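To start, the structure itself, in structure tokens.
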Amino acid sequence: MNTEKDFSPLTPNIVRALNDKLYEKRKVAALEIEKLVREFVAQNNSTQIRHVIQILASEFALSQHPHSRKGGLIGLAACSIALGKDSGLYLKELIEPVLTCFNDSDSRLRYYACEALYNIVKVARGAVLPHFNVLFDGLSKLAADPDPNVKSGSELLDRLLKDIVTESNKFDLVAFVPLLRERIYSNNQYARQFIISWILVLESVPDINLLDYLPEILDGLFQILGDSSKEIRRTCEVVLGEFLKEIKKTPSSVKFAEMANILVIHCQVSDESKLTNDLIQLTAMTWMREFIQLAGRVVLPYSSGILTAVLPCLSYDDRKKSTKEAASACNHSLMKLVTPEDDEEEEEGQVNETPTQEGSPPKTQEEISNSLNASQDSVGFSNISFFTPTSADRTQVTLDLDGIVQVLDRHLHDSSTGMMTRIAVLKWLYHLYIKTPRKMFRHTDSLFPMLLKTLSDESDEVILKDLEVLAEIASSPAGQTDAAGSCDNNDGKSELQVPVPAQPGDPAVGSKVADSSPSTPSMNSYFYKFMINLLKRFSLERKLLENRGAFIIRQLCLLLHAENIFHSMADILLKEEDLKFASTMVQTLNTILLTSAELFQLRNQLKDLRTQESCALFCCLYRSWCHNPVATVSLCFLTQNYRHAYDLIQKFGDLEVTVDFLMEVDKLVQLIESPIFTYLRLQLLDVENNPYLIKALYGLLMLLPQSQAFQLLSHRLRCVPNPELMRTLPDSKPLESRRTTPSHVNYRELLQHFDRVQSKHLEVRHQRAGRAEHPDRKLVL
């Protein structure tokens, strides 16, 4: 430095001492400067004061010489001390050169800068608040300083500044938040510790409402929560806990909608560190649970994103039990927010989104994807989707049904989806069909194939929920109006065709009571589509029929009208071209009819054919049951048509008796000994009135080889009493002659139909046998 230069009012001795390498001499010079400035203050000579500060800043603090910079720093601190309460008038000139020295490469000089600023701030106190942002910016850099002395000095200055902010009511939060939002994304642990400590302080000051600006820093807080330092994570948990307490106290002033997407992101966050990932996810899920409960329908536009985050968590094991429980609570609370109002908004013209005409296809994948995007302020979450409402300012909250259905459908299609998640998805679909049926039926065609496929799931509970959804689709009144015209477009995924009613002149149908399909007010056109596709799935997946067929049909009989289930399946099987499948399916249905508790009422209806409806049902079942001769006989036993059963058994001599056939007869004998046929066994006591029952049973006995079933039935028939001993009325007429045979049941036509069906089966078996004998021979028609 040029010592000959004029630095007045600083004396040459002061200038020389400020440039000295010894701290003690620079300290003496600082005392002289303090005395000089006090004199100027006493004289109210602000011009000279500014001149002194300007010289110390430009010629010393910003000098190229390190000792000069040290002298300038201690001189500026001395000026502040001398100014006292008036230092606030000169703070800009005092602070700026000191902050510049924070970036010096010399750690000792950075320490002296920290010391100088401490003295300036200590004197000015609340007057430094207008300069808080530059002070905070400088301190945030020193917090990560590698030198322990500098870090220690910055901590002293940090505590002083926090005390000033805490005791003042003039803190400019609006100006500070943008800087806080920027610095909160620092990856340096010390900088994070510094940031989180300041947020904790500001949050504790009653006059500072940081909650209003929480949406701007919440994402950064969750980033800090993933820090590898246990202490930082703990402090961040405390901060988030305090915010959540305040949210619960004043929910009306909370900007829930602005923070919903942030929580969605961190509920599904993926990170290398499993420990921090679990903590972030649990915390975000806990916040989400509180948000849904406190904000209510405000979060509905974000439903698809919330479900994307929540649903996978429902399949967590006990290692993440807390997260799973929080996710379950979120799911339950969100589901309760969907009400019938969400099905009426479009009709009332209250929805901002473009209405979809009835029968038109739902939103395309691209349209829905445009409303799913990721936070640009977050690093590493670009693949996480969540919903952004069309207009954040709209007062009418609308349900994003298209987005929700897309999320649910995606989880159903994903083979890695856990069982509990699949159950939750199906519960959601059922709930939506109950609460918003009209809107949901626009998505039915796209959901239908996957719902059918889900019937092959390994879990019984999943299948039960799936059947509930399908049953609701099949019985909902909303499906009656638009289903018939909108279900033809299915891209060939499933055969959605309503069976054509048989014509009265069709010889395969016969009497007019069997012409019509079942129709009750609780069924819609989707019911038949469901039945057709269910049988088609059984035909394509025989394992499903063997392992779960009876279970599925029994549950459907509970959920829907059992008579309609059997009537419609019989109608469809009557036109089935795969005769072997038709026979197997009839055998399955017959076993269910005779053994399942769910079919108790239907069995009672068939036992006594006194009404036109019961006769119509019997005729409908009979025509399809003809695919399986033994099942047809058992149906006659159930309906007490013993003479017709006897006539059928006489025709068995013309059929091809196979091992499978004899096994079915064996099973029928076992069923006769079961509680279902108690009434039949008791009728054996009345020999005179039930001759054809005894003849039919003897016919079965003659069909059987000498087996255990033969012995069982033979023993039963030996117990039939002597008619002479049992006679009570000498002039009694046979019961079957006294029973009124319904005029609308044409038993001769039924026998002819049985012959036609069995002829088809015989022809098919001969064709198969011919192909098996001559595999290379082509069939010439």
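The values are calculated or read from the model by the stated rules, or taken from the named source; none is laboratory data. What you see is a predicted model, and the numbers here were worked out from it, not measured in a lab. Reconstructed Cβ throughout: ideal geometry from the backbone, glycine too, with neighbour counts over all protein chains shown. These accessible areas exclude ligands, DNA and RNA; they are computed on the full protein's heavy atoms, side chains included. Shrake-Rupley method; radii C 1.70, N 1.55, O 1.52, S 1.80 Å.
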Problem set entry | Test: residue in region 717-731 that is within 25 Å of Ser624 (Cα to Cα), in a helix (DSSP H, G or I) and modelled with pLDDT under 80 | no
Problem set entry | Any pair with Cβ under 8 angstrom, 6 or more apart, that starts in region 432-448 at a residue that is among the acidic types (Asp, Glu) and ends at one that is open to solvent by 10 Å² or more (accessible area, probe 1.4 Å) | Asp445/Ser486; Asp445/Asn489; Asp445/Asn490
Exercise. If you scan region 605-653, which residues turn out to be outside any helix (DSSP H, G or I) and more than 15 Å from Asp755 (Cβ to Cβ)?
Worked result: Asp608, Leu609, Arg610, Thr611, Thr639, Gln640, Asn641
Exercise. Within region 72-86, is even one residue basic (Lys, Arg), more than 23 Å from Asp158 (Cβ to Cβ) and part of a helix (DSSP H, G or I)?
Worked result: yes
For this session: Considering each of Leu589, Leu609 in turn, give the residue that is out of contact with any Leu (no Cβ under 7 Å at 6 or more places or on another chain), hydrophobic (A, V, I, L, M, F, W, C) and closer than 26 Å to Val462 by Cα.
Result: Leu589
Exercise. Does region 167-182 include one or more residues that are aromatic (Phe, Trp, Tyr), within 30 Å of Val397 (Cα to Cα) and either part of a helix (DSSP H, G or I) or without any contact (Cβ under 8 Å) to a residue 40 or more places away in the chain (or both)?
Worked result: no
Exercise. Out of region 106-125, which residues are under 16 Å from Lys162 (Cβ atoms), of a type outside the set (Phe, Trp, Tyr) and open to solvent by 40 Å² or more (accessible area, probe 1.4 Å)?
Worked result: Lys122, Arg125
Problem set entry | Of the criteria (1) open to solvent by 90 Å² or more (accessible area, probe 1.4 Å); (2) in a loop (DSSP other than H, G, I, E, B), which one Asp20 fails | (1)
Exercise. In region 305-322, is there at least one residue being in a helix (DSSP H, G or I), of a type outside the set (Lys, Arg), touching a residue at least 24 places away in the same chain (Cβ under 8 Å) and farther than 19 Å from His411 by Cβ?
Worked result: yes
For this session: Filter region 640-668 down to the residues that are surrounded by fewer than 21 Cβ atoms within 10 Å (Cβ to Cβ) and among the β-branched types (Val, Ile, Thr), then identify the one that is modelled with the lowest pLDDT.
Result: Val657
For this session: Of all residues in region 407-426, count the ones that are assigned to a helix (DSSP H, G or I) and without any contact (Cβ under 8 Å) to a residue 40 or more places away in the chain.
Result: 2
For this session: Check whether at least one residue in region 289-308 is open to solvent by less than 10 Å² (accessible area, probe 1.4 Å) and either of a type in the set (Ser, Thr, Tyr) or at positive phi (or both), and report yes or no.
Result: yes
